[in-house]
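Each reported figure results from applying straightforward, stated rules to the coordinates on display, with no laboratory input. Note that the structure is predicted; figures quoted are calculated from it, not measured. Note that we place each Cβ from the backbone using ideal geometry, even for glycine, and neighbour counts take in every protein chain shown.
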Amino acid sequence: MPIRVASVPASHVYVRHLAPPDGVDDGVRRLPDPPTSGRSEQSQWWPPRMLDAEWVRRHHDEFDVFHVHFGFDAKTPDELRELIGALESCGKALVLTVHDLRNPHHVDRREHDAQLDVLVPAARGLITLTDGAAREITARWGRRPTVIPHPHVLELDDMGRRQARRDDRGGRPARVGLHLKSVRAGMAPTVVLPALVRAVEALDGGAVLQVNGHAELLEPGGKVYDPDLASLVHGLGDRIDLRVHEYLTDDELWDYLASLDASVLPYRFGTHSGWLEACRDVGTAVVAPSCGYYADQGPVETYVLDEGVFEEASLGEAVRRALASDAPTVSVSERERQRLEVAVAHRRLYESLLG
């Protein structure tokens, strides 16, 4: 009998890659996301309807395990308590994967902490992605989670094609990337960007700093237009290779990441990163801040940045190290093997809860 999992969500790329590679059956079936009215197909799971206690009461006979990944920031602590009550009354086990110990979208951490204070103690199964995050969870809640690493982000075929292209890049100058997207609360671009310009200009060989940003952030009239950041970015002129664009498709994003020699993460707080994993998939080095558990997640070059401290010299040194040695590329076969191990680890956890 397959184990039926109400996964919140099911269509997120991380969750999709918890299933084994094609052709392998792990005996786990994840329910499709209930569509949310008015959302695009890509984001139809937001806000997650499965997190409504009434949804659980109506659909509890359709699943065996309830597994929360993302989306609970849409719920108050009281609503989460009601959800847990519904699961308990229906005899369903809660599994929680702690991706974020600090919500990258929230300036104030108290709301996220309050949500975790409800979910972590109530979860019968507890997972996180790194040993560092596991130690923090143990210190804060007295629970030792199972550590299961982040699987690949790109599809395996895409990984192979883009890694193969990296051998075909000739003797062009090194290219360092900073991606501003639509800035989250946890990002510190006005701190990192000026220092990164100086760091790249100090490199030998004419390295290029490519800065990408969404039009809605950097152009007047944009939905999240930031005039101070836009002024800073545009004021750098030809000191950077500026690319202002709309949201990239997945293929465009993977091509962009693969075109870089190093990608700099400008986070002043956070925990784990899917961006980091995508860079590993295409063979691009990652320069990551000292906050969070990025160095536990995969091979990175670390510089000192958190909510209270930034050391510019450490950023320059990390960029030099990233460009001086080949990025430790994770192979397609390694990712395929890891994905199977990740699927087996989840199946075993679910089985342990179902007795």
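Magnitude of the charge dipole for the stretch 156-324, about its Cα centre and with charges confined to Cβ atoms of Lys, Arg (+1) and Asp, Glu (-1), is about 240 debye. Residues in the stretch 241-259 near a label at GLU155, defined as backbone nitrogen under 16 Å from the 7 Å Cα→Cβ point? Only 249-255 pass the distance filter.
Bridgeable lysines around LYS92 (alpha carbons under 20 Å apart, same-chain partners fewer than 8 residues away excluded): LYS75.
Farthest toward the positive end of the dipole of the chain, out of THR138, SER263, PRO34, is the Cα of THR138, where the dipole comes from beta carbon charges about the Cα centre.
For the stretch 213-355, DSSP calls about 10 percent of its internal beta bridges antiparallel. Where both bridge residues fall in the chain, DSSP classifies roughly 5% of the beta bridges as antiparallel. Can you tell which of GLY186, VAL197, VAL95 lies farthest toward the positive end of the dipole of the stretch 65-200, using +1 and -1 charges on the Cβ of basic and acidic side chains (Lys, Arg; Asp, Glu)? After comparing all options, I get VAL197. Straight-line cross-link partners of LYS223 among the lysines, defined as a Cα under 24 Å from its Cα and at least 8 positions apart when in the same chain: LYS181.
Sequence-ordered 3J(HN,Hα) estimates for the stretch 98-109 from the Karplus curve with 6.51, -1.76 and 1.60 and θ = phi - 60° stand at 8, 7, 10, 8, 9, 5, x, 9, 10, 5, 9, 7 Hz, glycine and proline given as x.
Counting other Cβ atoms within 10 Å as a rough exposure proxy, the listed residues LEU154, LEU180 run LEU180, LEU154 from fewest neighbours to most. Kirkwood analysis of the stretch 1-134, using all unique Cα-Cα pairs, places the hydrodynamic radius at 15.5 Å. Estimated at 0.36 nm per residue, the fully extended path between ASP73 and LEU236 surpasses their Cα-Cα distance by 55.0 nm. Between amide H atoms placed 1.01 Å from N, distances below 5 Å from ARG243 occur with VAL211, ASN212, GLY213, all of them 5 or more places distant or on a separate chain. Per Stokes-Einstein, at 4 °C and 1.567 mPa s, what whole-number D in µm² s⁻¹ belongs to the stretch 156-324, with the Kirkwood radius over Cα pairs as the hydrodynamic radius? Roughly 80 µm²/s, to the nearest whole number. Distance between the 7 Å Cα→Cβ label points at ASP131 and HIS245: 3.8 nm. Among TYR267, TYR303, sorting on how many other beta-carbon atoms sit within 10 Å of each Cβ, with the fewest leading, yields TYR267, TYR303.
Under 5 Å from the amide H of ALA123 lies no amide H of any residue 5 or more positions distant or on a separate chain, with H modelled from the backbone and absent for Pro and chain starts.
Our note on the geometry: Cα centres of the stretch 230-255 and the stretch 324-355, 33 Å apart. A straight chain from SER325 to ASP306 at 0.36 nm per residue would run longer than the Cα-Cα distance by 4.3 nm. Note on TRP45, TRP254: ascending count of other Cβ atoms within 10 Å places them as TRP254, TRP45, the fewest first. Largest first, the extents of the alpha carbon coordinates of the chain on the three principal axes equal 64, 42, 41 Å.
In a simple Cβ point-charge model (Lys, Arg +1; Asp, Glu -1; nothing else charged), the stretch 68-135 has a dipole of about 200 debye relative to its Cα centre. Placing +1 on each Lys and Arg Cβ and -1 on each Asp and Glu Cβ, with no other charges, gives the chain a dipole about its Cα centre of roughly 580 debye.
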